[in-house]
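First the structure, in the form of structure tokens, and then the observations on it.
Read-outs throughout are calculated quantities, based only on the coordinates presented, and are distinct from any laboratory measurement. Source: prediction; values computed, not measured. Virtual Cβ from ideal backbone geometry, glycine too; neighbours counted across all protein chains shown.
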Amino acid sequence: MDLAEAVDRLYGAELTDFVGVRDALARQARADGDRELATSIKALRKPTRSAWLVNRWARAAPEEVDELAGLAELLAQAHRTLAPDDLRALTRQRNQLINALTRKIAGGAVSAAIQAEIGQILTGALTDAALADRLRTGTVLQAVPASGFGTLDLGGDARVIPLRPRTERQAGGARRGRTDDTADAQARAAEQARQRALAEAQEAADRVMAELAAARERAQEAAAELAAAEGAVAAADEAVEAAEAELTRARAGRKDAGRRRTRASDAADQASAAVASAEAAADDARATLERLIGQSD
């Protein structure tokens with residue numbers, strides 16, 4: 001085992017396993033009698049979570065790292081030639097590519113601060129060769145804010161840890177920009193970045209339009225429900241008014257019936273009195289008749 005192999009294994013491990021893997025590799029080096037290698041391994045620093053996410057992406061998608069490197073070269077050329085139109089167009093492509101890659105690397109399950117650090121790492125790799133080499137080998141340690149095109153002072157973090165090339169593609173990536181063929185590849189990578197950004201923008205626009213159509217449909221349904229509810233309220237108001245009018249008429253009828261009952265009761269009392277008087281008169285008449293009949297006998 002040499003340092004390149006140890007670094008590749010260590011920075012390819014899970015972040016939570018970093019310290020344990022580092023200690024195990026150092027113990028293995030000591031057991032092999034290579035104390036200098038063990039010391040070098042123990043000195044390897046643990047990456048931040050944002051850097052670890054970027055490293056994992058770089059190891060899994062080297063072609064996207066190459067795409068980012070191609071765009072960096074085109075931006076550098078535009079700066080050197082001071083072509084404002086090209087620079088503006090490439091800057092838009094850069095922003096679109098950085099945003100797309102940041103979302104992919106973050107995976108939607110990290111904080112806004114972590115996403116910002118991921119964006120800083122990718123942006124910094126566009127302007128600093130040492131950080132770009134770290135990105136290509138998947139050994140970034142932390143986010144460093146970019147300060148424009150030129151070399152960033154990363155201090156100890158800028159040292160490139162040697163790695164064995166994983167593929168011929170990655171080894172060739174270090175010589176990007178040295179030949180016309182590479183320049184063509186960079187142009188194709190930039191065009192791919194532009195096309196992907198355009199596709200993502202179109203997808204986002206389609207998503208927004210679909211949401212707008214759904215919102216309009218919901219608004220129409222709500223308006224229809226509101227109209228139906230207002231109609232029901234109006235019908236209920238009419239029913240209440242009709243019921244109140246009927247109640248008023250019923251109360252008036254009840255009052256009139258009460259008056260008629262009072263008059264009928266008075267008439268019944270008078271009739272009863274008349275009947276009693278007539279019965280008394282009839283009794284008197286019968287008594288008188290019986291007396292007269294008895295006298296004639």
Order these by the 10 Å Cβ neighbour count, fewest first: LEU97, LEU126. LEU126, LEU97
Order of ILE41, ILE121 under a 10 Å beta carbon neighbour criterion, fewest first: ILE41, ILE121
Need the C-alpha centroid separation for segment 232-297 versus segment 1-79, integer Å. 114 Å
